[in-house]
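To start, the structure itself, in structure tokens.
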Amino acid sequence: MSPHVLILGGTAEARRLATELSGRPGVRVTTSLAGRVTRPGTLAGEVRIGGFGGAAGLGDWLREHHVDALVDATHPFAGTITANAARAAQATGIPSVVLRRPGWQPRPGDDWYPVPSLPAAAAALPRFGPRVLLTTGRLGLSAFAHLTDRHFVVRSVEPPEPPLPRHTEVLLARGPFTVADETALLTGNLIDVLVTKDSGGAATAAKLTAARELGLPVVVVRRPPLPDGVTAVPDVAGVLERLGLAPA
């Protein structure tokens, strides 16, 4: 019987894993997307869109669709989904693995201010100048809505959800971005401070290089911890090895 792998997707790593697994004879791949992005692009294998209804609903889906392995390749800040996946895997006894790209590490010359959450990032902003580049995604911007004395440039792939800060410009754009792109964005908008999540990866890392070269401070929102007992692998090769599908 062909093994069935469910990938909880939404990241470039999930896309690469689906392509890798779909190219292997006898492996059935389903990628599940939350549906928050309107144009997710073409994915190898089968695709489902929408939530499961929590850990119990995911567990039911795993059983009903005879899933043999579960891969959580969601965004590093999708903490609720990751927790539900861990509980569902434990309840069903299905092998699971978390795929997480490594987080960014500061380099010489960086001026980083690590914080544990978006509200903490908002609380840190009064110490900096008033013009803020906010690259934390389309959700959670209500944490900054009370800051009426700041001017925000919000960059997001999709339109951000309100409420937004009073003084906000929205820039819809999808990476990857070059250092030249990011330098032009920062200087052209007279940015005083960059706020970002520690998403990791190369696609959006150029903004950190640009900020370093311009001497700008960066408020970095740290990743939520993984559930107790859960560890992550950093790449597709690690997933294949964990699932016993690595080349001999």
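Annotations
- Accessible area per residue (1.4 Å probe, heavy atoms of protein chains only) ranks D149, D228, D60, D110 as D228, D149, D60, D110, with the largest value leading.
- Residue-normalised accessible area of the range 17-95, expressed per residue, 1.4 Å probe, Å²: 50 Å²
- Protein accessible area in the chain, 1.4 Å probe - carbon and sulfur %: 55 percent
- Amide H contacts under 5 Å for L243: none, restricted to partners 5 or more places along the chain or on a different chain, H placed in the peptide plane at 1.01 Å from N.
- Of the residues L141, P163, L190, the one whose Cα sits farthest towards the positive end of the charge dipole of the chain is P163 (charges of +1 on Lys and Arg Cβ, -1 on Asp and Glu Cβ, taken about the Cα centre).
- These residues, E241, E161, go from largest to smallest accessible area, 1.4 Å probe, as E241, E161.
- Computed magnitude of the charge dipole of the range 123-189 (debye, nearest 20; Cβ of K, R +1, Cβ of D, E -1): 140 debye
- Where L139, L118, L125 fall by accessible area, highest first, once all protein chains stay in place (1.4 Å): L139, L118, L125
- Cα gyration tensor shape of the range 1-71, rounded if a/c is under 1.5, else prolate or oblate by comparing a/b with b/c: oblate
- For the range 47-55, 3J(HN,Hα) computed residue by residue from phi via the Karplus equation (6.51, -1.76, 1.60; θ = phi - 60°) reads 9, 10, 10, x, x, 10, x, x, 4 Hz, glycine and proline entered as x.
- Within the range 183-246, none of the trypsin sites (Lys or Arg not before Pro) combine a DSSP coil assignment with at most 12 other C-beta atoms in a 10 angstrom radius.
- Looking at the range 111-168, the accessible area is 45 square angstrom per residue; that uses a 1.4 Å probe and ignores ligands, DNA and RNA.
- Three-way shape label, the range 112-248, alpha-carbon gyration tensor, a/c 1.5: prolate
- Taking every alpha-carbon pair under 8 Å whose residues sit at least 6 apart, the range 1-138 reaches a relative contact order of 22 percent.
- As a length-normalised measure over Cα pairs under 8 Å and 6 or more apart, the relative contact order of the range 1-76 settles at 43 percent.
- Neighbour net charge for L243 - beta-carbon separation under 12 angstrom, K R +1, D E -1: -1
- Residue with peak Gaussian network fluctuation, the chain [Cα springs, cutoff 10 Å], from T231, T42, T178: T42
- Overall form of the chain: prolate. Here a/c, set by the Cα gyration tensor axes a ≥ b ≥ c, is 1.5 or more, and a/b is the larger of a/b and b/c.
- Comparing P76, W104, A91 along the charge dipole axis of the range 12-171, the residue lying farthest to the positive side is W104, per the Cβ-charge model.
- Length-normalised contact order for the chain - Cα pairs under 8 Å, 6+ apart - percent: 20 percent
- Here the chain is assigned +1 on the Cβ of each Lys and Arg and -1 on the Cβ of each Asp and Glu. Its dipole about the Cα centre then comes out at about 140 debye.
- Net +/- balance of residues flanking V193 in space, Cβ distance below 11 Å, scoring K and R +1, D and E -1: +1
The values are calculated or read from the model by the stated rules, or taken from the named source; none is laboratory data. Note that the structure is predicted; figures quoted are calculated from it, not measured. Cβ coordinates were reconstructed from backbone atoms using ideal geometry, including for glycine residues, and neighbour counts include every protein chain displayed. The protein model used for the area step is the full one, side chains on, heavy atoms only, and it has no ligands, DNA or RNA in it. Shrake-Rupley method; radii C 1.70, N 1.55, O 1.52, S 1.80 Å.
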